[in-house]
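The values are calculated or read from the model by the stated rules, or taken from the named source; none is laboratory data. Please read these numbers as outputs of a predicted model, since none were measured by experiment. Because the Cβ atoms are built from the backbone with ideal geometry, glycine has one as well, and the counts that use them run over all protein chains shown.
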Amino acid sequence: MSSLIFALTDEQVQRIRSVFLSEMELGLTKEGQQQSSLLMENTFLPELPNGHETGEFLALDLGGTNFRVMYLRLEDGQFVEEDAQMFEVDESTRLGEGTRLFDFLAACVHQFLQERHPDGRHFELGFTFSFPMTQKSLDVGLLQTWTKSFNASGCVGEDAVRMLNDALQRRGNVNVDVVAIMNDTTGTLVQGAALDARCAIGVILGTGSNAAYIERVDRVRKWEGEHNGIKEVVVDIEWGAFGDNGVLDFVKTDVDKAVDELSLLVHSFTFEKYFGGKYLGEVLRQCVLKAHERGVLLEQLSERVRTAGAFTTKHVSMLEKDTIDGTISHCETVLGALEQSYSPADLVILRYICACVTVRASVLISACLSVLLQRLEREECSIAVDGSLFKLHPRLATLMERAIATLAPGRKFTLFLAEDGSGKGAGLVAAVARRLRSRN
Ligand code: BGC
């Protein structure tokens, strides 16, 4: 059973930590960045909000199946007005031609402005683009690779800001200036810092997963060009890709290989597929299949359970809720919906497997966060987290707190939810960009 539920040994966890640190250091050098699986990127954001941000901004948020356009009004660093519209990005747009995807985004911005701000006034815009980018400056981001459920053609290697600007031009009648592009983790860190000045790490535990943190500029050894005397900069780690070069193979199980094979972009984003919200349900299902094969769970599998994607991350949260409450009602609901017959013993084993999947997720995430806390060397550090996995899972936060405390002894930290980091954060970064521009 233990091999089936892939509990991590203390030794393995320490090895993950040391591999993560060396991959980070490699990723920050010019020579090493190709070998590191972490697509560590300088975000060119040297400052966090200072509480004086004032003005009206637009924000865009692209990363999942919903695209958001937002109007945000800030007064002294506080959001005093917010207005957002959500647009579904259908599969053919996510997987089709890149120009079509960006034309769609431009059409949404156009529609939003026509309906909500038809006076044609000018807006500065912050663009949250939650994919790995090579940033050349705060407003230039070359897509390194698509992840999650996107694979639009002709975009890899291209600047997402230029593609957006071109599409806005084609659309016409949109008076905006894209002043910053950022990852959702950067947005979360910035929004976190606006809520808590001790915040130095932003994490997304949603469909995908990633983190950004504040790094000393002298450690960003691959940074070419002018630093303009700045001492710190936000670095996007792109830890979803951790292990793509094989450094995490020592914890990879058959379950993980199966999850990868079923994913849209196989053999990439190893770490993310171990626990990201897009994959965690499938991790559980693969464990269920294995337990069944070994004769310890469910006498006959229903057609639904045999089908990829049957279990979702929401199901993981539901089963965990039963474990916490000592109940079985959520298990019954989940199995009922999957037309799966079961015995009382099956419910116990299913909850147990689900708990193991959850604990592994929390330990993997915490291993990396504990490394970041030690690297940051702050007396106290807050970690801003956003994303559906974190928000909906009934005890992931608690498990993470415990694991981080064990792995980074003596480090004072707080884990907190920075809601809508990818939206509000984009507004705040646009405001910081305005401040930076005004100095030049
Ligand atoms: C992307 C990251 C993003 C994360 C969370 C990953 O798949 O590569 O850029 O931050 O998902 O949205």
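Look at VAL255 and say whether it is within 20 Å of CYS356 (Cβ to Cβ), surrounded by fewer than 24 Cβ atoms within 10 Å (Cβ to Cβ), at pLDDT 95 or above and of a type in the set (A, V, I, L, M). When the stated conditions are applied, VAL255 passes them. As a summary of the residue check, LEU58 satisfies the conditions (1) closer than 27 Å to PHE104 by Cα; (2) surrounded by fewer than 16 Cβ atoms within 10 Å (Cβ to Cβ) except for the one numbered (2). Applying the criterion of being within 12 Å of the chain's Cα centre (by Cα) and in a loop (DSSP other than H, G, I, E, B) to the residues of the stretch 157-208, the residue that is nearest to the ligand (Cβ to nearest atom) is GLY208.
The residue that is surrounded by the fewest Cβ atoms within 10 Å (Cβ to Cβ), counting only those in the stretch 209-243 that are in a strand (DSSP E or B) and within 16 Å of the ligand (Cβ to nearest atom), is TYR213. The residue of the stretch 47-96 that is nearest to the ligand (Cβ to nearest atom), among those that are closer than 23 Å to ARG439 by Cβ and acidic (Asp, Glu), is GLU47.
Yes or no, residue by residue, for (1) in contact with a Leu (Cβ under 9 Å, 6 or more places away or on another chain); (2) within 19 Å of PHE271 (Cα to Cα); (3) of a type in the set (S, T, N, Q):
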position	(1), (2), (3)
GLY27	yes, yes, no
PRO49	yes, no, no
GLY55	yes, no, no
GLY77	yes, no, no
MET86	no, no, no
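Could you please find all residues in the stretch 257-276 being assigned to a helix (DSSP H, G or I) and within 16 Å of the ligand (Cβ to nearest atom)? The answer is VAL259, ASP260, THR270, PHE271, GLU272, LYS273, TYR274, PHE275.
Can LEU289 be described as within 16 Å of the ligand (Cβ to nearest atom), surrounded by fewer than 22 Cβ atoms within 10 Å (Cβ to Cβ) and not polar (S, T, N, Q)? Considered against the rule, which asks whether it is within 16 Å of the ligand (Cβ to nearest atom), surrounded by fewer than 22 Cβ atoms within 10 Å (Cβ to Cβ) and not polar (S, T, N, Q), LEU289 comes out as no.
Listed here are the helices (runs of 4 or more DSSP H) enclosed by the stretch 359-440 that have at least 3 residues being farther than 20 Å from GLY192 by Cα and at pLDDT 95 or above: 396-407.
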